[in-house]
Amino acid sequence: MKMLSNGRCPKLCLRSATDSPTWVGALKVIDHLMGLPWWTRLWVLQEAILQRGKVTAIYGEIVAPMSLIEASGAILPRHHENGLCCKSFWHSLPSDQQITLERFSKTTSSIEAVREILSIIKQNQIERLLFLLEKTRDRRATDPRDKIYGLLGLIEDSPDPVVDIAPDYERDVTHLYAGVAMRFIRHQQSLHVLLNHEIKPEAAGSHTLPSWVPHWGATYGSPTPNLIKYRLSQYNAWPSGAGRMPELSADSRALSVTGKYVDRITDVTRAVDKAATADLGKTLSELDVCFGVDEGHLVQYQPDGSGSGSGEGGMLPYDAVWRTLLGDQVSEHIARKAEQEFWYASDGKVFFKTARGYIGSGPPGTRAGDAVYLIFGSLVPVVLRPAASSHRLVGYAYVQGIMDGEATPEPGWQEAVESGSADDRNEAEDGRPRRIYLV
Ligand SMILES: [Zn+2]
């Protein structure tokens, strides 16, 4: 490790064959070290980053500074990925040794990467907190409050302290998480943070939180949170502008937003799963059935009949299906990129059809009977589930034909919302924007 951290090539660290006892033994230690729960705990990040140089790893009889372990692992890809010096050496390694070394570099560079970004986002404390929450989705904390409290030490040296949270274990989890979500909503003047709520179901405390509050747990599917964020920023279903921002109820459970009903979901497929799909073609033909696409049927895709009939705004059904499958992000090298884009857009998602003929994709929890809504402050449509006098957020959706503002309310909608009765709890199927409550 010392040799590696000094920039020495891994191929020079191997002095004999890849099956020599010294080499195999060293890799075994690395493998065991990287498998320790220490690396997955949230509080550790704070220790590792703030106390750099002071943290010592003790492993049996070996005592080494943590910084040495970090530096030696994080540097590995430079030899075989970015550089050429150890490329053939890397490919000559048995695959289990490659896996061990890859895990070593991935685990150690995740700490390096956080340190690096924190030094860049120096000024803004809220952005720092958001970055850290994203980066620590996979880390665990026994008390869900520690997913947030465990990061405070990493943002407290900001020159512009605006996040005045102090660890308080009397504080209710919902109150804490909803309060943090509201800070992001106010700071970003948007509901973008709501799109973070999509998580694997086992995330700590997720079952007790209101549906709209992000749990900061691991996301499902293969796209990383960064890729999801990038893709979502390409849409403009309800362009930003003047309007009342969301408000939080006194008990921190309900978020009042301005919503516009689009349509009710009538048919839903199973979620597509990259890891379990051997034959993409078969999956796609199932989708054709759900969407009701028939090769001989060349009527234009014009849900809602709102098109003028001149052909403008309409498209061939296959074109609409493919745009939906790829989340409308079609590159020029479509044949080569299509499958990759499909999984970026759709891994873990279901496809659906609505009563008036829209097709789209949504979160795996989507059910027939859920509704597609636009909400002011979100550039992406959402799937909501009616619940008594309010709605639960199921997740964000791609809906072909409304992603570029086609379903945005007419100008002047703000006054209409303000004058409308806040008690009007009926399903807003007339499509007029009104206050709705997410719980
Ligand atoms: Zn090298």
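Computed from the coordinates by the stated procedures, all read-outs in this text should not be read as laboratory data. The model shown is predicted, which means the values in this text are computed figures rather than measured ones. For neighbour counting, all protein chains shown are included, and Cβ atoms are generated from backbone atoms with ideal geometry for every residue, glycine included.
Here are some notes:
- Efficiency of FRET from Cβ geometry, Asn226 and Glu418, R₀ 25 Å, rounded to 0.05: 0.10
- GNM on the chain, alpha-carbon springs under 10 angstrom: the most fluctuating residue among Met66, Met182, Met403 is Met66.
- Dipole of the chain, positive direction: furthest Cα of Gly241, Gly73, Ala26, with charges on the beta-carbon: Ala26
- Sorted by Cβ density within 10 Å, fewest first, the residues Leu68, Leu374: Leu68, Leu374
- Residue list for the stretch 83-122, given a label point 7 angstrom along the Cα-to-Cβ vector of Leu12 and an amide N cut-off under 14 Å: 85-86
- Qualifying lysines (Cα of each under 29 Å from Cα of Lys349; at least 8 residues distant if same chain): Lys106, Lys135, Lys147, Lys200, Lys229, Lys260, Lys274, Lys282, Lys337
- Considering the chain, its Cα convex hull presents a mean projected area of 25.3 nm².
- Structural descriptor for the chain: relative contact order 15 percent, calculated from alpha carbon pairs under 8 angstrom and at least 6 residues apart.
- Given R0 = 56 Å, the distance between the Cβ atoms of Asp19 and Gln329 translates into a calculated FRET efficiency of 0.75.
- Taken about its Cα centre, the chain carries a charge dipole of roughly 1480 debye when the Cβ of each Lys and Arg holds +1 and the Cβ of each Asp and Glu holds -1.
- Ranked Phe291, Phe131, criterion: other C-beta atoms within 10 Å, fewest first: Phe131, Phe291
- Rounded to the nearest 20, the size of the Cβ-charge dipole of the stretch 114-168 about its Cα centre is 280 debye, with Lys and Arg at +1 and Asp and Glu at -1.
- Distance between the 7 Å Cα→Cβ label points at Glu156 and Ser389: 4.3 nm.
- Per-residue Cβ neighbour rank within 10 angstrom, fewest leading, Phe351, Phe342: Phe342, Phe351
- Here the simple spin-label model places points 7 Å from the Cα toward Cβ, and for Ile165 and Ala278 these points are separated by 4.6 nm.
- Contour minus Cα-Cα distance for Ile120 and Ser285 (0.36 nm per residue): 54.7 nm
- Peptides 239-252, 98-111 ordered by packing proxy, namely the average of other Cβ atoms within 10 Å per residue, highest first: 98-111, 239-252.
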